[in-house]
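*Asks:* First the structure, which I've put down as structure tokens, then a few questions once you've had a look.
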Amino acid sequence: MWKIQVGELEGVQLLLDCSQIDGKNPLISQWVILSVKALCDKHPENQNILFNLRRQGAADSTLLKELGLRLPAET
């Protein structure tokens, strides 16, 4: 089954890496959300992968400022 292969090949993590804000493709986050939802729907193994992920690194504040957004810690 394709969901098993994607999970085993760290496809969930790869998809989430693609969800960063992109000024040229502002809908990328929505596509990532739909893809992750499809991978995790009725698939406990991929749900477990998603549940056990931890955030690493920081958002690119330069791009956020360019888009007129700011991080909550900024005033």
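*Asks:* Distance between the C-alpha centers of the range 39-58 and the range 7-32? Whole Å please.
*Replies:* 13
*Asks:* Any lysines with Cα under 19 Å of the Lys37 Cα? List them, leaving off those in the same chain fewer than 8 positions away.
*Replies:* Counting by Cα, and skipping residues close in sequence, Lys37 has these lysines nearby: Lys3.
*Asks:* What distance in nm lies between label points placed 7 Å from Cα along the C-beta direction at Asp41 and Asp17?
*Replies:* Reported label-point gap for Asp41 and Asp17 is 2.6 nm.
Read-outs: derived from the displayed coordinates by stated rules, not from any lab. Everything numeric here is computed off the predicted structure, so don't read it as measured data. No Cβ is skipped: glycine too gets one built from the backbone with ideal geometry, and neighbour counts run over all protein chains shown.
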